[in-house]
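S.K.: First the structure, then my questions, so here it is.
The values are calculated or read from the model by the stated rules, or taken from the named source; none is laboratory data. Just so we're clear, the structure is a prediction, and the values are computed from it rather than from any experiment. With ideal geometry, Cβ positions are generated from the backbone for all residues, glycine too; neighbour counts draw on all protein chains shown.
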Amino acid sequence: MKFNYTNLIYQDNLKEGITTATIKNSEKICQKAHQEILKDRKNNILGFYDLPEKNVSKILTYVKEQEGKFDDIIVLGIGGSALGNSALYSALKVEKSLKKNLYVCDNVDPYLIKEILSKINLKRSLFNVITKSGTTAETMSTFLIFLEILKKELPETYKNHLVITTDKEKGFLREVINKEDIANFEVPDNVGGRFSILTDVGLLSSALVGIDIEKLLAGAASMKKKCENSNISENPAYINALLHYFYMKNGKNISVMMPYSNPLYLMADWYRQLWAESLGKKNDVYGNKVFVGQTPVKALGTTDQHSQVQLYVEGPNDKVVTFISVKNFTYDYEIPFLFQERDEINYLGGKKISELLNAEQKATEIALTNANRPNCHLILPQIDEFSLGEFIFMYEVQTVFAGKLLDIDPLNQPGVEAGKIATYALMGKKGFEKELEEIQKSMSENQTYEI
Ligand code: PA5
């Protein structure tokens, strides 16, 4: 994988922007952040660092046992228990001609459930329930709905159609596993939801559909070596975090990730959660109100050149754009020389469609740079497990390092918890009566108009 951050470093004579001197002068804050990461790893807080060396034999054995039984894998999960699954499958589906279908039910929308039910063949379906806490309302409700359907339609064999990934000891689902003897996997204690793509959370569904998870981990391991380097300019995750940190400080509150390839679009979705939930914080670690974070936005090249790029080039200068492109495409198409006499289109004839795609990426990069809009570029040699493993690991380290620079805790999500509590209250969960009372009081003051 290649990383070009030239367009994040502005010339010294420009009023706005980050210069090479800024990087040199950051040695102290970077070394502090690096030391904190080392300390957290020692204290067993940043378990995702150990995942590249994970032993995947349990997953591979289970997958082998299921061979020939299923065509449809349905993940029931949300947030960190779903986004990585969608991203990996979507990235590799066409590249690897994956034969199995992966459906990710990460919402409690009746239309989504209806759509999944209309597509799957229950007898050839495996439901992969994923929740670290084992209590999340969305996952619990879809689990209950599909469990009832399974019990009704396949009363003798329903358990064979279920596999659960959750905490190894705690939570309601662990009790269900123990009581009903259901196949199960674990989410390690020391890996938070949005950092769990390389645990059983993301690896099991990937292996079930035919993704080479050992190659994925090998890619992560290779990036880990680079991301352990305390020399900031040799550590891609650290340098990118530092530059984004400075831009955040300079009021660039939006981070656009723009892959130039459809399969990578959902990787940007995975990144959105990682960057948003980890860095969007009210308090710093010292208890001061800081209200930091950078809103991640996903865009797709070339599609969004005809939708968003006008805004990126000429609108408020409040964004840092990350392009992701692919060097070698396994599948490609030559644009034919039709209508040769017409200059409007004959320049396209004989070119590969991927050549046009990458030229358009370059063109957008040039337009942004000329307009003084910071941007950087990650180039995957091809879309495969190794590159995706590298990408995932780099962004996980980058996120934690950015959190350290911001002096916030990148691993918690108190804002999400507040919403969960309100949902419990509104849905009548025992123990949340006081919260319900408060909500009802504030809702009675709300007015909704017929319009
Ligand atoms: O990153 C996180 O911790 C969250 O986004 C969780 O992944 C999400 O809330 C789902 O939680 P759980 O896996 O406990 O169901």
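S.K.: Of the residues that sit in region 231-258 and are touching a strand residue (DSSP E or B) at 6+ places or on another chain (Cβ under 7 Å) and assigned to a loop (DSSP other than H, G, I, E, B), which one is surrounded by the fewest Cβ atoms within 10 Å (Cβ to Cβ)?
M.R.: Residue satisfying both the conditions and the ranking: N253.
S.K.: Further question on the same structure: Hey, can you tell me all the residues within region 127-183 that are at pLDDT below 95, surrounded by 14 or more Cβ atoms within 10 Å (Cβ to Cβ) and among the polar types (S, T, N, Q)?
M.R.: Result: S133, T135, T136.
S.K.: Okay, moving on. Can you confirm whether region 307-314 contains a residue that is closer than 30 Å to F195 by Cβ, of a type in the set (D, E, K, R) and away from the ligand (no atom under 16 Å from the Cβ)?
M.R.: no
S.K.: Considering only region 140-154, I want to know if a residue exists there that is at negative phi, away from the ligand (no atom under 15 Å from the Cβ), among the β-branched types (V, I, T) and within 26 Å of the chain's Cα centre (by Cα).
M.R.: no
S.K.: In addition: Restricting region 99-136 to residues that are among the aliphatic types (A, V, I, L, M) and closer than 26 Å to V416 by Cα, which is nearest to the ligand (Cβ to nearest atom)?
M.R.: Of everything passing the filter in region 99-136, I130 is nearest to the ligand (Cβ to nearest atom).
S.K.: Checking the structure you have, find out if any residue of region 203-218 is without any contact (Cβ under 8 Å) to a residue 40 or more places away in the chain and not in a helix (DSSP H, G or I).
M.R.: The answer is no, given that none of the residues of region 203-218 is without any contact (Cβ under 8 Å) to a residue 40 or more places away in the chain and not in a helix (DSSP H, G or I).
S.K.: Picking from K430, K434, which residue would you name as being in a loop (DSSP other than H, G, I, E, B) and free of Cβ contacts under 8 Å to residues at least 40 places away in the same chain?
M.R.: The match here is K430.
S.K.: Here's another thing I want to ask about it. Considering only residues that are within 19 Å of P263 (Cβ to Cβ) and among the charged types (D, E, K, R), which ones fall in region 356-397?
M.R.: Hits for region 356-397 are E360, D384, E385, E390.
S.K.: Can you go through K114, K123 and tell me which one is part of a helix (DSSP H, G or I), more than 21 Å from T139 (Cβ to Cβ), modelled with pLDDT of 95 or more and in the same structural domain as I164 (by TED's automatic domain parsing)?
M.R.: K123
S.K.: Sticking with this one: Specify the residue that is farthest from the ligand (Cβ to nearest atom); the eligible residues are those in region 401-427 that are aliphatic (A, V, I, L, M) and in a helix (DSSP H, G or I).
M.R.: L405
S.K.: Give K99, K123, K114 a once-over and let me know the one that is surrounded by fewer than 21 Cβ atoms within 10 Å (Cβ to Cβ) and under 24 Å from K215 (Cα atoms).
M.R.: Of the residues listed, the single one that is surrounded by fewer than 21 Cβ atoms within 10 Å (Cβ to Cβ) and under 24 Å from K215 (Cα atoms) is K99.
S.K.: Going by the structure shown, is V209 among the hydrophobic types (A, V, I, L, M, F, W, C), buried (at least 24 other Cβ atoms within 10 Å of the Cβ), modelled with pLDDT of 95 or more and within 19 Å of L76 (Cβ to Cβ)?
M.R.: no
S.K.: For F70, all conditions in the list (1) over 22 Å from L388 (Cβ atoms); (2) of a type outside the set (V, I, T); (3) part of a helix (DSSP H, G or I) hold save one; what is the number of the exception?
M.R.: So F70 meets the others, but not (3).
S.K.: Residue by residue through region 428-437, note down the ones that are more than 17 Å from S141 (Cβ to Cβ) and either aromatic (F, W, Y) or within 16 Å of the ligand (Cβ to nearest atom) (or both).
M.R.: none
S.K.: Also, quick follow-up: How about region 290-399: which strands (runs of 3 or more DSSP E) wholly inside it have at least 1 residues that are surrounded by fewer than 20 Cβ atoms within 10 Å (Cβ to Cβ), of a type in the set (A, V, I, L, M, F, W, C) and within 27 Å of the chain's Cα centre (by Cα)?
M.R.: Correct list: 295-298, 375-380.
S.K.: Being assigned to a helix (DSSP H, G or I), surrounded by fewer than 18 Cβ atoms within 10 Å (Cβ to Cβ) and modelled with pLDDT under 95: is that true of T61 here?
M.R.: When the stated conditions are applied, T61 does not pass them.
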